[in-house]
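**Q** Mind having a look at this structure? Questions to follow.
Here, each number is a calculation from the coordinates, and none is a lab measurement. Just so it is clear, the structure is predicted and the values come from calculations on it, not from any experiment. All Cβ positions, even for glycine, are placed from backbone atoms using ideal geometry, and neighbour counts span all protein chains on display.
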Amino acid sequence: QVQLVESGGGLVQAGGSLRLSCVASGRTFSRLGMGWFRQAPGKDREFVAAISWDVGTTYYRDSLKGRFTISRDNAKNTVYLQMNSLKPEDTAVYHCAATHNMGVITSEWLYESWGQGTQVTVAS
């Protein structure tokens with residue numbers, strides 16, 4: 001079992017930036033594919049970004065390309081989500097997730113472990 005702890009959320013003005021972090025423990029982080037998902041009030045959880053464990057391939061939700069960047073530091077067992085030019089519609093709880101599947105995984109059903117989430121609120 002992998003334990004995941006997110007941090008870095010908060011309140012930011014529209015146009016601002018935040019960097020979320022997710023620290024993993026319990027398994028070899030370098031062999032875990034990682035993803036970020038978000039859930040806004042009253043809405044379903046949606047895919048944000050993913051990064052593979054093998055060659056670090058990344059993939060993004062189409063609407064977020066160019067504003068969000070996912071990266072990983074295997075030495076620190078940490079995955080990051082850099083969010084720029086934030087908009088009020090980015091307001092949500094952001095969760096990181098881990099998978100042993102290869103490649104970039106966009107389906108939440110293929111992730112085995114989830115963090116508790118960190119709240120991101122973007123004020124207009």
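**Q** Compare the peptides 64-70, 46-52 by average per-residue count of other Cβ atoms within 10 angstrom and give them in order, highest first.
**A** 46-52, 64-70
**Q** Determine the principal axes of the Cα atoms in the range 1-48, then give the extent along each, sorted from largest to smallest and rounded to whole angstroms.
**A** Principal-axis extents of the range 1-48 (Cα, largest first): 37, 23, 14 Å.
**Q** Nearest 20 debye, what's the magnitude of the dipole of the chain about its Cα centre given +1 on Lys and Arg Cβ and -1 on Asp and Glu Cβ?
**A** 200 debye
**Q** Where Lys and Arg each count +1 and Asp and Glu each count -1, what net charge lies around S17 among other residues with Cβ under 13 Å from its Cβ?
**A** +2
**Q** Given Cβ point charges of +1 (Lys, Arg) and -1 (Asp, Glu) and nothing else, what value in debye, to the nearest 20, does the dipole of the range 60-102 about its Cα centre take?
**A** The calculated dipole for the range 60-102 is roughly 100 debye.
**Q** If you average 1/r over all unlike Cα pairs in the chain and invert the result, what Kirkwood radius do you get in angstrom?
**A** 14.1 Å
**Q** Please turn the phi angles of the range 91-108 into ³J(HN,Hα) values with the Karplus equation 6.51 cos²θ - 1.76 cosθ + 1.60 (θ = phi - 60°), one per residue in order, whole Hz, x for glycine and proline.
**A** 4, 4, 8, 9, 10, 9, 8, 10, 9, 8, 6, 7, x, 8, 10, 9, 8, 5
**Q** Near K87, which lysines are there with a Cα under 25 Å away, not counting those fewer than 8 places off in the same chain?
**A** Within reach: K43, K65.
**Q** Whole-Hz ³J(HN,Hα) for each residue in the range 7-18, computed from phi via Karplus 6.51 cos²θ - 1.76 cosθ + 1.60 with θ = phi - 60°, x for glycine and proline: what do you get?
**A** My calculation for the range 7-18 gives 7, x, x, x, 9, 9, 6, 3, x, x, 10, 9 Hz in order.
**Q** Where the centre of each part is set by its Cα atoms, how far does the range 46-119 sit from the range 6-23, in angstrom?
**A** The range 46-119 and the range 6-23 have Cα centres spaced 13 Å from each other.
**Q** Kindly write out, for the range 71-83 in residue order, the coupling ³J(HN,Hα) from the Karplus curve 6.51 cos²θ - 1.76 cosθ + 1.60 (θ = phi - 60°), rounded to whole Hz, with x marking Gly and Pro.
**A** Calculated HN-Hα couplings, in order: 8, 9, 10, 5, 5, 10, 6, 10, 10, 10, 9, 8, 10 Hz.
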